[in-house]
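Q: Sharing a structure here in structure tokens format.
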Amino acid sequence: QVQLVESGGGLVQAGGSLRLSCVASGRTFSINAMGWFRQAPGKEREFVAGIRYGGSTYYADSVKGRFTISRDNTKNALYLQMNSLKPEDTAVYYCSATRSWAANLVVTASYDHWGQGTQVTVSS
């Protein structure tokens, strides 16, 4: 089994920055791609950013140019640098991982493991 633990969420003003971290433990050798999703109250969980084991990245249009996803495979860690934050970025952010080499990284069904989530609140 794989366990994922997020950290780094908090309250920031619009225009500010946060850096989220996710550390994987357990059977981490099975992980291929990882991703960040977010869920605001009353909304479906939506894709934010994804990264394959080799470093290829994918972003939702809403965050492209503001957020940067990265990973350190030697540390089993995933990161999301969030700059120029907007109130609409407010959500619980979830770290995710998949064993699949061919998964569509933008859909939740592609992922096998999920973290508990970390709250990001952006005030106006």
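The values are calculated or read from the model by the stated rules, or taken from the named source; none is laboratory data. Here the structure is a predicted model, which is why all the values come from computation and not from measurement. A quick note on method: Cβ atoms are made from the backbone with ideal geometry, for glycine too, and the neighbour counts reach across all protein chains shown. Each accessible area value is taken on the protein alone, full model and side chains, heavy atoms only, with ligands, DNA and RNA left out. Shrake-Rupley method; radii C 1.70, N 1.55, O 1.52, S 1.80 Å.
Q: Which pairs have Cβ atoms under 8 Å, sit 6 or more apart or on different chains, and link a residue in segment 69-88 that is under 13 Å from ILE51 (Cα atoms) and in contact (Cβ under 8 Å) with a residue 24 or more places away in the chain to one that is of a type in the set (Lys, Arg) and open to solvent by less than 60 Å² (accessible area, probe 1.4 Å)?
A: ALA77/ARG71; LEU78/ARG71; TYR79/ARG71
Q: Quick test for you: out of TYR58, TYR93, TYR53, pick the one residue that is among the aromatic types (Phe, Trp, Tyr) and modelled with pLDDT under 95.
A: On the way: TYR58 fails: modelled with pLDDT under 95; TYR93 fails: modelled with pLDDT under 95.
Just one listed residue meets the conditions, TYR53.
Q: Another question, if that's okay. When you look at SER62, is it surrounded by 13 or more Cβ atoms within 10 Å (Cβ to Cβ), free of Cβ contacts under 8 Å to residues at least 40 places away in the same chain and in a loop (DSSP other than H, G, I, E, B), yes or no? Can you show your working first?
A: Numbers: surrounded by 13 or more Cβ atoms within 10 Å (Cβ to Cβ): yes; free of Cβ contacts under 8 Å to residues at least 40 places away in the same chain: yes; in a loop (DSSP other than H, G, I, E, B): yes.
Taking the combined requirement at face value, the residue satisfies it.
Q: Restricting attention to segment 1-53, which residues are open to solvent by 40 Å² or more (accessible area, probe 1.4 Å) and assigned to a loop (DSSP other than H, G, I, E, B)? Break it down into steps so the answer makes sense when it comes.
A: As a first pass, look at segment 1-53 and keep what is open to solvent by 40 Å² or more (accessible area, probe 1.4 Å): 1, 3, 5, 7, 11, 13-15, 17, 19, 23, 25-27, 29, 39, 41-46, 52-53.
Scanning segment 1-53 gives GLN1, ALA14, GLY15, SER17, ARG27, PRO41, GLY42, LYS43, GLU44, ARG45, ARG52, TYR53.
Q: Next up: Considering only segment 110-124, how many residues are touching a Phe, Trp or Tyr at 6+ places or on another chain (Cβ under 6 Å) and either open to solvent by 40 Å² or more (accessible area, probe 1.4 Å) or within 12 Å of GLN39 (Cα to Cα) (or both)?
A: As a first pass, look at segment 110-124 and keep what is touching a Phe, Trp or Tyr at 6+ places or on another chain (Cβ under 6 Å): 114-115, 117-118, 120.
Adding the requirement that they be either open to solvent by 40 Å² or more (accessible area, probe 1.4 Å) or within 12 Å of GLN39 (Cα to Cα) (or both) leaves 114, 117-118, 120.
Residues that pass the stated criteria total 4.
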